[in-house]
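A.B. asks: First, the structure itself, so that you have it in front of you.
Any read-out appearing in this document is the output of simple, stated calculations on the displayed coordinates, not a laboratory observation. Quick caveat: nothing in here was measured; it's all calculated off a predicted structure. In this analysis, Cβ positions are derived from the backbone assuming ideal geometry, glycine residues included, and neighbour counts consider all displayed protein chains.
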Amino acid sequence: MSDVAVVIVAAGKSTRFTGESENHPTQLKKPFVSVRSRALWLHSVDRFLRREDVKQLILVIAEEDQQMFHERFGAEVAILSLDVVLGGSSRAESVLHGLRAVREEIAFVAVHDAARPCIADTWLDQLFAQARETGAAILATPVVSTVKRVIDDSVDATVSREGLWESQTPQMFEKKKLLEAYEHSENYVQATDEAQLMEWLGHDVAVVPASPLNRKVTTQADLQFVEIALDLLPKKEIESPSPSLDENGFWN
């Protein structure tokens with residue numbers, strides 16, 4: 001069933017990435033930096049292009065990047081039949097702009113970070129199935145390190161990691177539920193991900209275990225991680241037909 005729109009968000013400031021170090025200068029924001037000769041946002045789009053259940057792909061960019069984006073990537077946008085919309089002043093507002101561009105007949109929306117390119121098909125299969133069943137689902141990984149609360153550069157307390165998970169994207173929802181969550185939140189701009197909006201409205205959000213390989217690029221060093229992680233993603237298993245004898249008695 002082709003009833004999913006994917007909103008890929010590439011409208012952030014990338015402050016930690018572009019201003020990280022004079023030793024690693026860059027003029028481009030992280031979604032537009034190339035790894036293996038392809039921009040990160042294109043790696044992310046690739047994960048959804050081959051899915052038969054995805055009917056619409058929407059890329060959200062910042063207004064200030066509009067000219068650069070179309071000069072660099074206009075040909076790819078035309079070939080891939082992407083819908084490009086302009087974002088807002090916050091992540092939540094940018095996602096809302098993307099949501100408003102979703103076609104009326106589409107029932108589900110998956111929201112993904114453009115700078116999170118290491119997605120495996122098997123995780124998407126599980127996420128899409130869970131979201132169809134429950135109406136809201138996210139990818140996440142359990143927190144495994146000891147967590148410290150720090151105040152003024154000093155440890156204030158050690159926080160129990162029991163039950164703590166690190167959320168990732170994509171996050172997938174029934175479109176009407178996510179729009180409802182936006183409509184009923186007076187402070188939606190403060191939400192750091194879409195699942196938080198659903199939580200505020202009282203909706204349950206299912207968790208689908210993913211992998212630390214699905215890291216969001218935040219710093220220059222993360223680009224090196226992506227180079228390696230792209231080769232480590234689990235491959236989708238293809239079932240081979242059972243061998244049988246043909247009419248001449250030979251194994252097929």
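A.B. asks: Which FRET efficiency value, to the nearest 0.05, do you get for residue 133 and residue 70 by plugging their Cβ-Cβ distance into 1/(1 + (r/R0)^6) with R0 = 35 Å?
C.D. replies: 0.35
A.B. asks: Out of all DSSP beta bridges in segment 110-225, what portion is antiparallel? Express it as a percent rounded to 5. Working shown, then result.
C.D. replies: Details: 13 of 17 bridges.
So the antiparallel bridges in segment 110-225 amount to around 75 percent.
A.B. asks: Here is a follow-up. Out of residues 5 or more away from residue 206 or on other chains, whose amide H comes under 5 Å of its own, with H placed 1.01 Å from N in the peptide plane?
C.D. replies: Those lying under 5 Å, H to H, from residue 206 are 136, 137, 138.
A.B. asks: Rounded to whole Å and sorted largest first, list the principal axis extents of the Cα atoms in the chain.
C.D. replies: Principal-axis extents of the Cα atoms in the chain, largest first: 79, 48, 43 Å.
A.B. asks: Also, quick follow-up: Across segment 4-229, how many lysine pairs, 8 or more apart or on two chains, come within less than 17 Å at their alpha-carbon atoms? Let's see the in-between values first.
C.D. replies: Numbers: 13/29; 13/30; 13/216; 29/216; 30/216; 55/175; 55/176.
For segment 4-229, qualifying lysine pairs total 7.
A.B. asks: What ranking do 109, 208, 85 get, fewest neighbouring Cβ atoms within 10 angstrom at the top?
C.D. replies: Neighbour counts put them in this order, fewest first: 85, 208, 109.
A.B. asks: Provide the per-residue ³J(HN,Hα) series for segment 218-227, in order, calculated from phi with Karplus coefficients 6.51, -1.76, 1.60 and θ = phi - 60°, each as a whole number of Hz, with x at glycine and proline positions.
C.D. replies: 10, 10, 4, 4, 5, 5, 5, 4, 4, 3
A.B. asks: I would also like to ask the following. Using only DSSP helix segments of four residues or longer, with each worth -39500 (n - 2.57), what per-residue ellipticity at 222 nm results for the chain after dividing by its residue count and rounding to 500?
C.D. replies: -9000 deg cm²/dmol
A.B. asks: If you rank 123, 165 by fewest surrounding Cβ atoms within 10 Å, what's the result?
C.D. replies: 165, 123
A.B. asks: From Cα pairs below 8 angstrom and at least 6 apart in sequence, can you work out the relative contact order of the chain, rounded to a whole percent?
C.D. replies: 22
A.B. asks: For a quick check: sort 112, 184, 43, 203 by the number of other beta carbons within 10 angstrom, fewest at the front.
C.D. replies: Numbers: 112 25, 184 12, 43 21, 203 18.
Lowest count first: 184, 203, 43, 112.
A.B. asks: Given segment 104-204 reduced to its alpha-carbon atoms as identical point scatterers, what log10 I(q)/I(0) does the Debye formula return at q = 0.19, 0.21 Å⁻¹?
C.D. replies: -1.03, -1.14
A.B. asks: Of the beta bridges DSSP finds with both residues in the chain, what % are antiparallel, to the nearest 5?
C.D. replies: If we restrict to bridges inside the chain, about 45 percent are antiparallel.
A.B. asks: Using a Debye calculation, one point per C-alpha and no hydration shell, please list log10 I(q)/I(0) for segment 1-151 at q = 0.08, 0.14 Å⁻¹ in order.
C.D. replies: -0.25, -0.75
A.B. asks: Subtracting the Cα-Cα distance from 0.36 nm times the residue separation, let me have the gained length for residue 201 to residue 125 in nm, one decimal. All intermediate terms of the calculation are to be shown ahead of the outcome.
C.D. replies: Working: separation 76, 0.36 × 76 = 27.36 nm, distance 2.64 nm.
So the extension gain works out to 24.7 nm.
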